[in-house]
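A short worksheet on the structure shown next.
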Amino acid sequence: MSATATPLPAPPPIVTERGPSAAQWGMIAFLLSEVAFFSTLIVAYVAFMGKDIVGPTPQEALSLPLVIGTTLCLLGSSAVMHAAERALHSGRQTSFCLLWTLTIALGIIFLAGTAYEWRELIVEKHLTISRNLFGTTYYTLVGFHALHVTGGVMTMAIVLLLALRGQVSRSNATGVQLVGWYWHFVDAVWIVVFVVVYVTAKSGGL
Amino acid sequence: MLLATDVNLAHSQSIFNPASPAAHSIVSLAILVLAVSGLIFVIVEGVLLYSVWRFRADADPNAPEPPQAYGSRAIEIAWTAAPTLIVLFLVLVITRTLWEVEVDPPAPMPDDRALFVTVTGRQWWWEYTYETYDNRPLGFTTANELHIPAGEPGQSRPVYLKLVSADVCHSFWVPRLAGKMDLIPGRVNHLTLQADAPGLYLGQCAEYCGTQHAHMLLRVVVEEPAAFDRWLTEQAEPAADDPAARADRDLFLAQSCVNCHRVRGTPAVGSYAPDLTHLMSRQTLASGMIENTPENLDRWVADPQSIKPGCLMPAFGLGSEDQASIVRYLQTLH
Amino acid sequence: MAFAESTRAVGQGDTAVAHPGVATRLHAWTTTVDHKRIGILYVLMSLVFLVIGGVEALLMRWQLVVPDNQFLGPDTFNQLFTMHGTTMVFFVGMPILIGVGNYLVPLMIGARDMAFPRLNAFGFWITLFGGLLVYFSFATGGAPAIGWFAYAPLTERTFARSAATDFWALGLLISGIGTVTAAVNFVATILGMRAPGMTMRKMPFFVWTMLWTAFQMLLALPPLTAALVMILFDRQLGARFFDTSGGGSAFLWQHLFWFFGHPEVYILILPVFGIVSEVIPVFSRKVLFGYEFMAAATMAIAFISFGVWAHHMYCVGMSRTLDLFFATASLLVSIPTGIKFFNWLATMYGGRIRFASPMLFAFGFLSMFLIGGLTGIMLAAAPFDFQLSDSYFVVGHFHWVLIGGTLFGTFAGVYYWYPKVTGRMLSERLARWQFWLLYVGFFLTFGPMHVAGMLGMPRRIYTYGMDDWTVWNQISTLGALIQAPSYLILIYNLVVSLRHGKPAGDDPWDAWTLEWTTTSPPPSYNFETTPVVHSRRPLWDSKHPDDPDWLYE
């Protein structure tokens, strides 16, 4: 090749892209599908609101004080979890474990509250899933939410076990972060459920 | 009679053979859309065929790569605009036709010459409750053959159907008279029919509704107003009470037929199966499946499942005398 | 290493077995987490279900060959069309495209595997398990007879007493979860694992379409899952979602099903748009024309697809205004689809078109999909649909899209990538036989259905007495008989070429995307070194260092 030949064009340098990692994208995608799932159940709940011919109605059946308490537990657990993550990032392993345990405990209290509420609904208010449309949509929506809380509690328990064995640290915190995203999402869903189910029940419909 | 004379006409269910204003509107839209699509088809398929022919590879494997064209904003905008304009045009014509075809039913009014009928879809037959005509209350129920009056020059006679379902989803479709409208349990739908000329118009259920969906046939008999008036008067009467058929009637009433069927003027008040009050005025049996002849009626009563497998009427295993007696009674129900 | 040793031990111990490697290989395939093997498993599963669904279709066509035929009874026929639709949509269409995507996405973006390999394997196995559950319904005495869109309340205990419907719902629910895991994997892989330099704007077009397909799956499948849960709760727990006698709503099911059902149609076509967008440029020897506009059009379709569902419900008595809204939204889809079509034509225009088997099928796709799109415009025109809805015209239309579009396009992909997957070329002679039998048979099967529909023939009837319809049904059946051998030829070609095909080499088509830089078949780790990318056609750049693509993009 002669020296006068034009040199081959040189490609521009590669710029490293920033953005969520594959694992983070995976969790975002999963939560997106969960949004679609819960939206469907909420749409069903709203669509059947006030269409019942037999009672009990949401207004008759639901009571606010208990659920406000469990709601505060669940919202509080999100805050505690956030503190736990910050503890992990600043290397305070023990306080991470403690705060994480508290998060789990608050989740369990929420579930216990739901169980107590359901017992009351079934035994005293005679509201079952086959009773009427309210029972059908209420148990499906709140039940699937509780199922997600249960899944979250179990996952967090696994993380706690790993942490107690010293296998969770600042350097591999992505897993903890993703569990956190899931838990915050489950809390956010509860806020919507709380408003759509409980607040409207007491304020007489949407 | 209609069954015999109008066979050729009756045997068309083509949507391109419209016999009502609504069906006509749809056909004009259809032709327009077909024309637009046809034009697009010819142009695009033409360019495709031209390209594959004109630019097919020659035999030379060492020919250089053709010039690379990465795209052109101007061209892209141009061929985004073309379909956009077509869509805009189609939306406008669709709007016009929608507003012509979908009409909310008015309330019955004095001298409106309108017929109001409630159509109930059932597995797998049709129940028609005649509500009012010319604001005259009617209130009788019949099955499987819908009789409606034909319009006369300068005087249309609209028919407003209220569509409900007693079990699953069905769809009312008589292609020559109107587009289809579903019958959905828990919902009330409306459809307007208006026939130009007397005749028999066929159709069938268009929403899958279970085993015998295929034999949930629709028959609309359009009659001259005078003939229709006579039909109305006859149908409003209670069942014929032929003294000669008393024994047969009593046998019929003693059977479980009456749990499902109704014969007005007798203690048979079942509401689950077709009303039999004027059974013999109908041209067909089994929701349009077979002609209403004495032999067919006998076969049907003996074993409906052999004719319409899966239908909800069982074979009752009557003795031959009872069977004959019941068929004799049914034949008095003119 | 422990694994390798144990496999050797098994191989040595089983000398009595004729092929000592079979058990080991079976074990390796069933426990694999390699995206390539999982992709192949998806495709094989789809082909098996394709044959099953095809046999169901042939039985139905035979029943309809003469009026009042006694070949099949109503119950059998109704079960067959339920299973045919369910099978073809859920266990052929989706898994075959997920399989192709699974195999190719990591290779095309220069990754070693999908983001979550074990989740990937899980997704495949529960998809298969879901399919088996749906077919297990036959063991209850008969498959469900509810139609693939299973309109409530036909699915309630009152009307469908046998457990078949429960198996159907459970099977779809489970395979739906599999589909969502696949979608999660695609999103994570495509957004998080592209080779250095491969920005979002430099992805191969197929990868871009898979991304948006995954997006649609994420939003469309969960509503179906929720709706199936409702069916199961109704049937098993006495809930009242669709119990119309207790205030439940038949209407709700229709909305939920079609909210899934319409995006589903685009889930079945977007990846195919991607496949032909890879095939057409390579065989026309030209770069894909208007990549950015194609990409934007894909995105537009993915979004609009969520606003058109009720065009399946024009006849439920919504209101004129809603009908108009959904008609307009549906027609809007034709704009981005048109853009795509014109860009494919522009890619071919001025090229040097080689009619090797992939291009032949891509041509089949182009010529047929156009017709399916145009009949779609007719169905979108709401008043016209009052007549056409639920008639044989609709059956003709969606088969035109799903076979003329999805299947022809997928076959183009199968012929294009088979050499990469196996290291062998498929027989071109058999490909031509398959193509022409399918092309002609397809035309004869589904063309007449449009006519029968316009003559008033509703879908899903097990028999008919109307003389007008007979001849059209007979041509249809004839077409089905012509089509049938084409599928057998494909399977024969796939099997025989595995051993006797011409060796393919790394890059038999002189193509441009990353998968052609590695060996055929690729090693389990895909690439020895992570590729670095500067343009959408990295191999063009290396084959034409004097005039690389990145100068123009």
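The values are calculated or read from the model by the stated rules, or taken from the named source; none is laboratory data. Remember, it's a predicted structure, so these values are computed and weren't measured experimentally. We place every Cβ from the backbone using ideal geometry, glycine too, and count neighbours over all the protein chains shown.
Tell me yes or no: at least one residue of the range C:277-294 is more than 7 Å from every other protein chain (Cβ to nearest Cβ), modelled with pLDDT of 95 or more, under 30 Å from B:Arg56 (Cα atoms) and not in a helix (DSSP H, G or I). Looking through the range C:277-294, at least one residue is more than 7 Å from every other protein chain (Cβ to nearest Cβ), modelled with pLDDT of 95 or more, under 30 Å from B:Arg56 (Cα atoms) and not in a helix (DSSP H, G or I). Looking across the range C:273-311, just one residue is at positive phi and in contact (Cβ under 8 Å) with a residue 60 or more places away in the chain, and that is C:Arg285.
Say whether the condition of being among the hydroxyl-bearing types (Ser, Thr, Tyr), at pLDDT 95 or above and more than 24 Å from B:Ser37 (Cβ to Cβ) is met by at least one residue in the range C:356-376. There is at least one residue in the range C:356-376 that is among the hydroxyl-bearing types (Ser, Thr, Tyr), at pLDDT 95 or above and more than 24 Å from B:Ser37 (Cβ to Cβ). So is A:Thr200 farther than 24 Å from A:Phe30 by Cα and surrounded by fewer than 21 Cβ atoms within 10 Å (Cβ to Cβ) or not? So A:Thr200 passes the test. Among the residues of the range C:215-250, those that are under 30 Å from C:Leu288 (Cα atoms) and more than 7 Å from every other protein chain (Cβ to nearest Cβ) comprise C:Phe215, C:Gln216, C:Met217, C:Ala220. When we screen B:Ala273, B:Ala197, B:Ala268 for residues that are at pLDDT below 95, of a type in the set (Gly, Ala, Ser), surrounded by fewer than 24 Cβ atoms within 10 Å (Cβ to Cβ) and under 24 Å from the mean Cα position of the chain (by Cα), the only hit is B:Ala197. Checked against (1) within 24 Å of A:Glu120 (Cβ to Cβ); (2) within 12 Å of another protein chain (Cβ to nearest Cβ); (3) not charged (D, E, K, R), A:Pro65 passes all but condition (2). Of all residues in the range C:341-361, those that are at the interface with chain B (Cβ under 8 Å from one of its Cβ atoms) and surrounded by fewer than 20 Cβ atoms within 10 Å (Cβ to Cβ) have Cβ atoms under 9 Å from Cβ atoms of residues that are modelled with pLDDT under 95 and part of a strand (DSSP E or B), 6 or more apart or on another chain, in C:Arg352/B:Arg56; C:Arg354/B:Arg56; C:Phe355/B:Arg56. Could you run through the range C:486-508 and say how many residues are surrounded by fewer than 20 Cβ atoms within 10 Å (Cβ to Cβ) and not in a helix (DSSP H, G or I)? Going through the range C:486-508 one residue at a time, the tally reaches 7. The residue that is farthest from the chain's Cα centre (by Cα), among those in the range B:282-327 that are buried (at least 16 other Cβ atoms within 10 Å of the Cβ) and among the charged types (D, E, K, R), is B:Asp322. Within the range C:516-529, does at least one residue satisfy the condition of being in contact with a Pro (Cβ under 8 Å, 6 or more places away or on another chain), touching a residue at least 40 places away in the same chain (Cβ under 8 Å) and either more than 10 Å from every other protein chain (Cβ to nearest Cβ) or of a type in the set (Phe, Trp, Tyr) (or both)? Yes, the conditions are met somewhere in the range C:516-529.
Looking only at the range C:305-338, count every residue that is under 25 Å from the mean Cα position of the chain (by Cα) and part of a loop (DSSP other than H, G, I, E, B) and tell me the total. Adding up the residues that qualify gives 2. Screening the candidates C:Thr189, C:Thr127 for the property of being crowded, with 24+ Cβ neighbours inside 10 Å and within 14 Å of another protein chain (Cβ to nearest Cβ) yields one hit, C:Thr189. Just to be sure I understand, how many residues within the range B:174-195 are in contact with a Pro (Cβ under 7 Å, 6 or more places away or on another chain) and assigned to a loop (DSSP other than H, G, I, E, B)? Qualifying residue count, the range B:174-195: 4.
If I ask for residues that are among the small types (Gly, Ala, Ser), within 20 Å of C:Arg240 (Cα to Cα) and surrounded by 20 or more Cβ atoms within 10 Å (Cβ to Cβ), which ones from the range C:156-181 would you list? The answer is C:Ala160, C:Ala164, C:Ala169. Of the residues making up the range B:159-170, those that are within 9 Å of chain C (Cβ to nearest Cβ) and part of a loop (DSSP other than H, G, I, E, B) number 3.
Results for (1) within 30 Å of C:Met200 (Cα to Cα); (2) part of a helix (DSSP H, G or I), shown as yes or no for each residue.
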{"residue": "A:Pro20", "(1), (2)": "yes, no"}
{"residue": "A:Trp25", "(1), (2)": "yes, yes"}
{"residue": "A:Met81", "(1), (2)": "no, yes"}
{"residue": "A:Glu85", "(1), (2)": "no, yes"}
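Looking across the range B:191-204, the residues that are among the hydrophobic types (A, V, I, L, M, F, W, C) and either touching a Ser or Thr at 6+ places or on another chain (Cβ under 9 Å) or more than 13 Å from chain C (Cβ to nearest Cβ) (or both) come down to B:Leu193, B:Ala195, B:Ala197, B:Leu200, B:Leu202.
Note on the range A:38-60: among residues that are buried (at least 21 other Cβ atoms within 10 Å of the Cβ) and part of a helix (DSSP H, G or I), the one that is farthest from the other protein chains (Cβ to nearest Cβ) is A:Pro58.
Quick check: anything in the range C:197-211 in contact with a Ser or Thr (Cβ under 9 Å, 6 or more places away or on another chain), more than 22 Å from C:Lys36 (Cβ to Cβ) and surrounded by fewer than 24 Cβ atoms within 10 Å (Cβ to Cβ)? Yes, that holds for at least one residue.
Residues that are at pLDDT 95 or above and buried (at least 21 other Cβ atoms within 10 Å of the Cβ) within the range B:131-143 comprise B:Thr142, B:Ala143, listed in sequence order. For the range C:523-545, a tally of residues being under 27 Å from the mean Cα position of the chain (by Cα) and crowded, with 20+ Cβ neighbours inside 10 Å returns 3. Can you find a residue that is assigned to a helix (DSSP H, G or I), over 30 Å from B:Pro18 (Cα atoms) and away from chain B (no Cβ under 14 Å) anywhere in the range C:441-456? Yes.
Listed conditions (1) touching a residue at least 12 places away in the same chain (Cβ under 8 Å); (2) of a type in the set (D, E, K, R); (3) assigned to a helix (DSSP H, G or I); (4) away from chain A (no Cβ under 14 Å) are all met by C:Asp68, apart from (3). Annotation: C:Gly404 fulfils all but one of (1) part of a helix (DSSP H, G or I); (2) surrounded by fewer than 24 Cβ atoms within 10 Å (Cβ to Cβ); (3) touching a residue at least 24 places away in the same chain (Cβ under 8 Å); (4) within 14 Å of chain B (Cβ to nearest Cβ); the unmet one is (2). Is the range B:92-105 home to any residue that is on the phi < 0 side of the Ramachandran plot and either over 28 Å from the mean Cα position of the chain (by Cα) or assigned to a strand (DSSP E or B) (or both)? Yes, the conditions are met somewhere in the range B:92-105. Checking each residue in the range B:171-190 for being closer than 23 Å to B:Ser12 by Cβ and either of a type in the set (Asp, Glu) or within 10 Å of chain C (Cβ to nearest Cβ) (or both) picks out B:Ser171, B:Phe172, B:Trp173, B:Val174, B:Pro175, B:Arg176, B:Ala178, B:Gly179, B:Lys180, B:Met181.
Could you check, for the range C:139-146, whether at least one of its residues is modelled with pLDDT under 95, over 25 Å from the mean Cα position of the chain (by Cα) and within 30 Å of C:Leu270 (Cα to Cα)? The answer is no, given that none of the residues of the range C:139-146 is modelled with pLDDT under 95, over 25 Å from the mean Cα position of the chain (by Cα) and within 30 Å of C:Leu270 (Cα to Cα).
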